[in-house]
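Quick notes on the structure that follows.
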Amino acid sequence: MRVLGVDPGLTRCGIGVVEGVAGRPLTMLGAGVVRTPVDADLGHRLLAVEEGIEQWLDEHRPECVAVERVFSQHNVRTVMGTAQASAVAMLCAARRGLPVALHTPSEVKAAVTGSGRADKAQVGAMVTRLLRLNAPPRPADAADALALAVCHIWRAPAQNRLQQAAARLRAAAPTSPKGRTA
C-alpha cells in the first residue's frame, strides 16, 4: 500500500509518502512541505497548497491519502487555517477517486510511539527508526506527515475488517416494513 500522509497547515503543509504493509518494514518514498507566504491572501495560499498536493499526487501515485483530523485548539485562527488546508487535501484526493482516512493527532502518536501524548521530537525519532532513516525528517511537519502514513498502513487492515463486519451486520439485519400503521 502506498499512502500520502498530509499534516495540514497554511504556512507549512507537511507531506510524506510511505509504502509497505503492516508487519513488514516500511519505505519512505518522499517527505517535504508545501509552504505558503504568510502575507498572501487566503485564496492564493489555498491554491498553493492545492498545487503542491497535486504535484505530490502526480509524482507518487498513492493508493490513499491519510490526513490529520483537525481538532479544536484555543487559537481559532490557527484551527481555521488547518481545517481549510485539510479540506484542500481531501478535495485533491476525492478528485482522483482516492480514499481518504482521517486520523487524530493522539491516534497517530500512539501508533508510532506507543503514547498518545508523545511530543514532536519523540514522533520524529520513531519515524526515523521505523523508516530506517539517517536523520529525522525536517521540518517536523514532514515527520508528522510520514507518521500519518505509517499509522494508516498499520491501522487500515483492522479498520477495513471492522467496516466489512458492520456492512455484513447491516445487510443481515431484518428490515421493518415502511408506511404501515397499527
The answer for the stretch 7-69, accessible area per residue at 1.4 Å probe in Å², is 49
Compare 99, 136, 62 in a GNM of the chain, Cα atoms joined below 10 Å, and give the one with the largest fluctuation. 99
Cut-off 20 Å, label 7 Å out along Cα→Cβ of residue 44, residues of the stretch 86-120 by amide N: 88
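So if I place +1 on the C-beta of Lys and Arg and -1 on the C-beta of Asp and Glu, and nothing else carries charge, what would the dipole magnitude of the chain be about its Cα centre? I want it in debye, nearest 20.
That gives the chain a dipole magnitude of about 880 debye.
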How many Å² of accessible area per residue for the stretch 88-169, probe 1.4 Å? 52
Can you send over the carbon and sulfur percentage of the accessible area for the chain, probe radius 1.4 Å, protein chains only? 54
When the chain is modelled as a GNM with alpha-carbon springs shorter than 10 Å, which of 72, 106, 115 fluctuates the most? 72
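Counting DSSP beta bridges in the stretch 1-125, what percent are antiparallel, to the nearest 5? Don't skip to the answer; put the middle values down first.
Working: 14 of 22 bridges.
The antiparallel fraction comes to roughly 65 percent.
Note the full-extension length gain between residue 121 and residue 94 as 0.36 nm times their separation in residues minus their Cα-Cα distance, in nm to one decimal. All intermediate terms of the calculation are to be shown ahead of the outcome.
Numbers: separation 27, 0.36 × 27 = 9.72 nm, distance 3.21 nm.
Length gained between residue 121 and residue 94: 6.5 nm.
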Largest fluctuation, 97, 81, 14 only, Gaussian network model of the chain with Cα springs under 10 angstrom, belongs to 97
Signed unit charges on C-beta, dipole axis of the stretch 54-182, positive-most listed residue 157, 147, 85: 157
Per residue of the stretch 59-71, in order, report the coupling 6.51 cos²θ - 1.76 cosθ + 1.60 (Karplus, θ = phi - 60°) as ³J(HN,Hα) in whole Hz, putting x for Gly and Pro. 6, 9, 6, x, 8, 7, 10, 10, 10, 5, 5, 6, 10
Cβ-Cβ cut-off under 15 Å around residue 21, Lys and Arg +1, Asp and Glu -1: the net charge is +2
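At most 16 other Cβ atoms within 10 Å and a DSSP loop assignment: could you name the trypsin sites (Lys or Arg not before Pro) in the stretch 127-163 that fit?
Working: sites: 129, 132, 155, 161; in loops: 132.
Listed in order of number, the matching sites are 132.
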Long-range HN-HN contacts of residue 5 with modeled amide H, under 5 Å: 16, 17, 18, 66, 149
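Assign unit charges at the C-beta atoms only (+1 for Lys and Arg, -1 for Asp and Glu), then state the dipole size of the stretch 82-174 relative to its Cα centre in Debye, rounded to the nearest 20. Walk me through the numbers on the way to the answer.
On the way: 12 positive and 4 negative charges, 55 e Å.
That gives a dipole near 260 debye.
The values are calculated or read from the model by the stated rules, or taken from the named source; none is laboratory data. None of these values were measured; they are calculated from a predicted model. Positions of Cβ are generated from backbone atoms using ideal geometry, with glycine treated the same way; all protein chains shown enter the neighbour counts. Each accessible area value is taken on the protein alone, full model and side chains, heavy atoms only, with ligands, DNA and RNA left out. Shrake-Rupley method; radii C 1.70, N 1.55, O 1.52, S 1.80 Å.
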